[in-house]
Amino acid sequence: MRWLKEAHSLSPIAFALRPEDRDAVRIELDAWHRWSASQIPEQVLPRLAPHAKEKPRTTTGSYLLAYALEFVPTSDRRRVPGELIRWAKRA
């Protein structure tokens, strides 16, 4: 994660997404990871929601929105706007 902090010091990073690859070597899903994922509905989705006007996964923005929606933990899905859930199902 040092590289991410260094990159952020050069140019602010609003968010970073990484898949939960349980088969990857040395990946530990800790409390920080769970907290970060729980922030997606209020911190990440509002930044990407304008891309819901596009067809899912056809532009960089619509791909990022679809990708972010996949990261929302099941327990936090109720905090995702219904129109974004419906949009993602069109993919």
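The values are calculated or read from the model by the stated rules, or taken from the named source; none is laboratory data. Just so it is clear, the model here is predicted, and its values are computed rather than measured. We place every Cβ from the backbone using ideal geometry, glycine too, and count neighbours over all the protein chains shown.
Here are a few things to note about the model shown:
- Answer residue from the stretch 49-77, given it is under 19 Å from residue 37 (Cα atoms) and of a type in the set (Asp, Glu) and is farthest from the chain's Cα centre (by Cα) among those: 76
- Some residue of the stretch 65-73 being at pLDDT 95 or above, surrounded by fewer than 16 Cβ atoms within 10 Å (Cβ to Cβ) and of a type outside the set (Phe, Trp, Tyr): no
- Considering only residues in the stretch 40-91 that are in contact with a helix residue (DSSP H, G or I) (Cβ under 6 Å, 6 or more places away or on another chain) and in a loop (DSSP other than H, G, I, E, B), the one that is nearest to residue 13 (Cα to Cα) turns out to be 72.
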